[in-house]
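Just below is one structure, and these are the notes that go with it.
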Amino acid sequence: MPSRRSFLQTSLLAAGATALPKVRAATTPSGARVASTWDFGVPANAAAWTVLGKGGSALDAVEAGARWAETGQCNSTVGRCGYPDRDGYVTLDACIMDGDGRCGSVAAIEDIDHPISVARRVMEKTPHVMLVGDGARQFAISEGFKAQSLRTPEAEKAWREWLKTAQYKPEINIEQRKLPGNKENHDTIGMLAIDANGHMAGACTTSGMAWKMHGRVGDSPIIGAGLYVDNDVGGATASGVGEEMIRNVGSFLVVELMRQGHSPADACREAIARVVHKRPEASKELQVCFLAMNKQGEVGAFALHKGFSYAVCDSGKQDALLSSQAIYTTEKY
Ligand code: GLY
């Protein structure tokens, strides 16, 4: 019986032996490309591509893609259909970042269905990076956003069902497994784009973990944890249990690893290995996923556990959906 450490080393070696599927180069001179986390990254990329495909900016593209994820679908982990916290409040987190270091963020915002656009307004219209809670809500209303309850009947029903046991335990990739009841409790859309001018941007938006403590903020609105973009190097974004990304400043770590010469996939794998090294026991039960794009537009991803998908869209391919490799390679599901 191998020890956990030797199993992990073996798994890491095995994972390193096979390269991730390489995204082929864009077939037009533009080189524009967008990549997003999870299966819903495919339609979100399509929304972003309505901007990028016309020569629009990476920043406008990621906002458009994230907006689609927030209201164009009904998903229990992002936007207006997000599941509430344990007290029944739907609180949303989002951030946006440009490759030149401009960034904006909102956390624990209520009643506003496009937190990504509020984050952009924070970036563009305030001297700050981050607004939280009622301050973020008031700012959004002052900017013309409509306040409305985001708690859907489905979310309310799921919450009342959860209250019967009120047990809180992150589970891995439930959305991917499509179990009855759709009890997904960690999943986020993170999006990275490069435009025809070679400028990069990223966006990240989520309702966070279902049944979280009221006031809990995950990685998604934290610049450096859920998202980081640097035009000199590339960008990275994260999904999964946000506390691990915050502990390791995960997206910044991935970008810095690319700065040191790692490919996007290798940088993501190194960052996941760091998460495991810090909390080996907890890592058996948590999902952590990174997606990265370098300034050449090369895309890579890696996850702690099997089941993480990501979508890539460029002028040659509009709906590519790929599965990332994982450090824990056992067939768990
Ligand atoms: N990654 C999303 C969250 O933990 O809130």
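Would the stretch 129-141 turn up any residue that is under 15 Å from GLU63 (Cβ atoms) and surrounded by fewer than 22 Cβ atoms within 10 Å (Cβ to Cβ)? No, every residue in the stretch 129-141 fails to be under 15 Å from GLU63 (Cβ atoms) and surrounded by fewer than 22 Cβ atoms within 10 Å (Cβ to Cβ). The condition of being more than 14 Å from the ligand (Cβ to nearest atom), over 16 Å from the mean Cα position of the chain (by Cα) and of a type in the set (A, V, I, L, M) holds for LEU257.
Of all the listed residues (GLU124, GLU154, GLU175, GLU161), the sole one being part of a helix (DSSP H, G or I) and at pLDDT 95 or above is GLU124.
Restricting the search to the stretch 127-151, which residues are assigned to a loop (DSSP other than H, G, I, E, B) and touching a strand residue (DSSP E or B) at 6+ places or on another chain (Cβ under 9 Å)? Write out each step before concluding.
Taking the stretch 127-151 and keeping what is assigned to a loop (DSSP other than H, G, I, E, B), we get 127-129, 143-151.
Residues satisfying the conditions are HIS128, VAL129, LEU150.
Pick out, from the stretch 1-116, the strands (runs of 3 or more DSSP E) lying fully within it that include 2 or more residues that are modelled with pLDDT of 95 or more, surrounded by fewer than 23 Cβ atoms within 10 Å (Cβ to Cβ) and in contact with a strand residue (DSSP E or B) (Cβ under 7 Å, 6 or more places away or on another chain).
Working: elements: 33-37, 92-98, 103-109.
Per the criteria, no element qualifies.
Restricted to the stretch 272-283, and to residues there that are among the small types (Gly, Ala, Ser) and within 16 Å of the ligand (Cβ to nearest atom), the residue that is nearest to ASP98 (Cα to Cα) is SER283. Inside the stretch 260-271, residues that are over 13 Å from GLY300 (Cα atoms) and either within 16 Å of the ligand (Cβ to nearest atom) or among the charged types (D, E, K, R) (or both) make up a count of 0.
If you go through the stretch 202-254 and keep only what is away from the ligand (no atom under 15 Å from the Cβ), part of a strand (DSSP E or B) and under 22 Å from SER324 (Cα atoms), you end up with VAL229, GLY234, GLY235.
The values are calculated or read from the model by the stated rules, or taken from the named source; none is laboratory data. Please read all numbers here as calculations on a predicted model, not as lab measurements. Note that we place each Cβ from the backbone using ideal geometry, even for glycine, and neighbour counts take in every protein chain shown.
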